[in-house]
Amino acid sequence: MGDVDILPPPGEALVCANPECDFAQTGDCTDGLEPADCPQITMHGDSAEERPTEAPAPPQVPPVVRLFGATALSPPEADDIAAVRGATMVLLAGEAEAGKTTLLVSLFELFRQGPLDEVRFAGSQTLMAFEERAWPGRAASGVNEPDTERTVEGLRFLHLLLHRDGQLRDVLLTDIWGEPFENIIEGDASTEAVPLVGRADVAIVLVDGERIANLALRQDTVRRARMLVGGLTENGALREQARLIVALNKTDTLTNDDRTWWSEHRDEVAEPARRHLSDVHLIDIAARPAKVPHTPQRLGELLRAVLEPTKRPSRQLPHVAAEQGRRALWTQE
Amino acid sequence: MSDSDPTEVVLAGLPASGKTQYIAGLWLAVDGQSECRLHLANYKGDRRYLVEIGGRLAKCEDPPHTEVGESRTFDLPLQLDDDDKERRLRLIVPDLSGETWEHALEEAEWTVELDERISQASGLVVFVHSQASSGPTLGPLAASLPGDETSRDIHPFRVSGIAADSQLVQLIQLLRARRANPRIALVVSAWDLVEDDTLSPQAWLGENCKLLAQFVESRDDIHVNVWGISAQGGRFDDPEQAKRLLEADAVGRINVRDAENEIGAIEDPLLWATGWEIS
């Protein structure tokens, strides 16, 4: 028996099923065959009767390589992008139904129509995630009233790589559901409700225009938006070099009287931010007007405001500097 | 890879993007007496499928339907004509049905084997059908659906339902991630269906794939060139056109336009993707 391969491991033995054969005692096969060639010789306990019935082996799944793009980014994945060449981190804040996801999708859609002045789309690590959020508004989704996917719990980022003045710029947009912002309005510390607030280069506070158009809701809406702005900016939650943009969304639902009312009250919303930040903007937008063809209004202006360099000391530029390597975006230093 | 190894070019494209007809046309060109600069390097391997699709194209018949789940993989050994360097090219088609690429976009994964193929390839040829949905897709399309009632029955997200523009950008991004500085030949198939015959493939890209056009223009780490190709030369379902096509030479009726709308040859995207300098 020269084949080492078929030697039994310690504690096991070869046996012959032929009762006429005394292989087990002598080691010689009655038919003169090598053990490996004799169909009667098996490992002890390996006969068909004694073998337990085994489930059929599952089909072999070839090994795969994980790619990117199908889902939004986790904080560590966002960090990885930021570590390469720095990134502009945009905190998109607002209560549920304010239109945060619609705004994200519409910013992406803006580039589907072509470059925005000198700013061009140069890629996205979350392209299919943008498309998935836009899906309820697509004809192929079977829905005949444009909508966007609701954000689920947790912190995720959508990514745009933009080209401007010969430079590539990564923009990370938070995709956070409304509840943490409602908690800030109700008194939670923003650094606890949304720990990454201190890392944001730009914060957009989205105000629901439909509620401004509603006489019964408008005063409360302004009050709540003001509390959110205050919560995000007081005690250095947002860094003083950060930019805050108060964006009234769904302005297509406003009458002229509503617009006048808003213009008289919108500074009340921004006022708490002005105590802490010098870079505060007020912009009225309609991320997706209800009226066909749903062409976004003033989103270009909003994007330009996001992309303008912020007043950060040069030592802190970019926000997540490449030389610092991976630095957590979502926790406090 | 040794000097004697052939240069590899991988062909990619989502379902119904025109890959089969291109390969059929290429097969007729390299196998026939045409002026094609590429010819078969050898007659080894199973050629039944190539013979079948080439035969059907020659007879002005549609290609055989690719069954769902039928991931046909094959490669075609080719050699450059009149070339003292004896340069050889291996065209690799990892999945003719295109489902592999669709899966990659939807699930963000592909096999290790495919990954190695891509990372080793000298060039890539990517297909898009000239009549594929180019968007815009928010609003106008949704609003144009019949019926007044608001439907809330949302079909699950699927990559096949989004604009070709986004599909292409994502596919090219994935290819780029596995292969540094790739040369990507973009083939706009069924070019005969583009109504404006003064439109160049480059201009078509700018009008129909605005996202991709910006992407390509912004990135110096990706090299993309575009062709418009009609392997059929016209519509087979139009009896008059089909008759006219049958009267013409099967290779001669293939219509190829380069980025600037100049007449080209069916092998041009492949040769460009190799990066070879060809006099």
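List of remarks:
- Net charge in the neighbourhood of B:V256 (other residues with Cβ under 13 Å of its Cβ; Lys, Arg +1, Asp, Glu -1) is -4.
- The lysines whose alpha-carbon is closer than 28 Å to the alpha-carbon of B:K44, local same-chain residues fewer than 8 away aside, are B:K19, B:K59, B:K85.
- With contacts taken as Cα pairs under 8 Å and at least 6 residues apart, chain B reaches a relative contact order of 23 percent.
- A Gaussian network model of chain B, with springs between Cα atoms under 10 Å, assigns the largest mean-square fluctuation among B:S130, B:S189, B:S166 to B:S166.
- Cleavage-rule hits, GluC sites (Glu not before Pro), the range B:246-279, DSSP coil, Cβ neighbours within 10 Å at most 15: B:E260, B:E262, B:E277
- Which of B:D46, B:D84, B:D192 has the fewest Cβ neighbours within 10 Å, and the rest in rising order: B:D84, B:D46, B:D192
- Annotation for the range B:23-110: trypsin sites (Lys or Arg not before Pro) lying in DSSP loop with at most 10 further Cβ atoms inside 10 Å of their Cβ are B:K44, B:K85.
- Inter-part distance where the range B:99-129 and the range A:60-119 are each reduced to a Cα centre, Å: 22 Å
Rule-based calculations on the coordinates, nothing more; no lab input. Everything numeric here is computed off the predicted structure, so don't read it as measured data. Note: ideal-geometry Cβ built from the backbone for every residue, glycine included; neighbour counts use all protein chains shown.
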